[in-house]
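The values are calculated or read from the model by the stated rules, or taken from the named source; none is laboratory data. The shown structure was predicted, so the numbers you read here are calculated from the model rather than taken from an experiment. As a convention, Cβ positions derive from the backbone with ideal geometry for all residues, glycine included, and neighbour counts pool all protein chains shown.
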Amino acid sequence: MHRPLRPKQGAYSNLGSNRWALKPEIAVSQPFGRDQKWEFDAYANAEFYTGDTCYHGRKILRQQALRGFEGHISHSFTNSLWTSLDARHSFRGTTSVSGVNQNNAQQNFTLGSEVNVSLNSHNSLVFDFAKALVHQNSAAYTGFGAKYNYTWGKGYK
């Protein structure tokens with residue numbers, strides 16, 4: 001879930017800054033190969049948005065759900081190092097401004113890769129790369145990322 005942020009008066013902001021988003025997913029995962037070191041994951045999701053009642057002043061921005069599918073093939077090199085190749089497709093998400101349809105359904109296809117390094121049972125570092133190959137009514141991007149994850153509870157073994 002992403003929470004809205006209120007921009008400062010007169011500041012530029014992105015379309016999602018005054019609304020909430022919720023993205024439920026359902027996934028299946030199947031390990032395979034020698035010693036089960038390979039894994040295939042498939043996801044289906046939909047991102048839902050609340051209305052933005054402060055869009056360009058007093059206009060109201062509404063967006064239909066942005067639906068998507070993802071596929072990942074991963075390989076575990078050790079218990080603490082794995083990598084994946086990723087593909088994502090999302091579509092629809094048409095917007096309307098104060099009831100006027102904008103005819104701007106999205107069509108996105110992204111390829112990427114991720115490397116996960118587990119430092120211990122609670123801490124890991126993730127490095128990723130993604131490139132949008134198809135980007136109709138959405139951002140044309142190539143991105144690199146790094147993040148730190150902390151796992152609560154007993155951790156992952």
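A few comments on the model shown:
- 1 or more residues aromatic (Phe, Trp, Tyr): qualifying strands (runs of 3 or more DSSP E) within the range 56-106: 66-78, 81-92
- Residue satisfying all of: in the range 27-64; buried (at least 17 other Cβ atoms within 10 Å of the Cβ) and touching an Asp or Glu at 6+ places or on another chain (Cβ under 7 Å); modelled with the lowest pLDDT among these: 61
Condition check ((1) within 16 Å of the chain's Cα centre (by Cα); (2) of a type outside the set (A, V, I, L, M); (3) more than 25 Å from residue 51 (Cα to Cα)) across all residues:
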| residue | (1), (2), (3) |
| --- | --- |
| 64 | no, yes, no |
| 90 | yes, yes, no |
| 119 | no, no, yes |
| 128 | yes, yes, yes |
| 134 | yes, no, yes |
| 139 | yes, no, no |
| 150 | no, yes, yes |
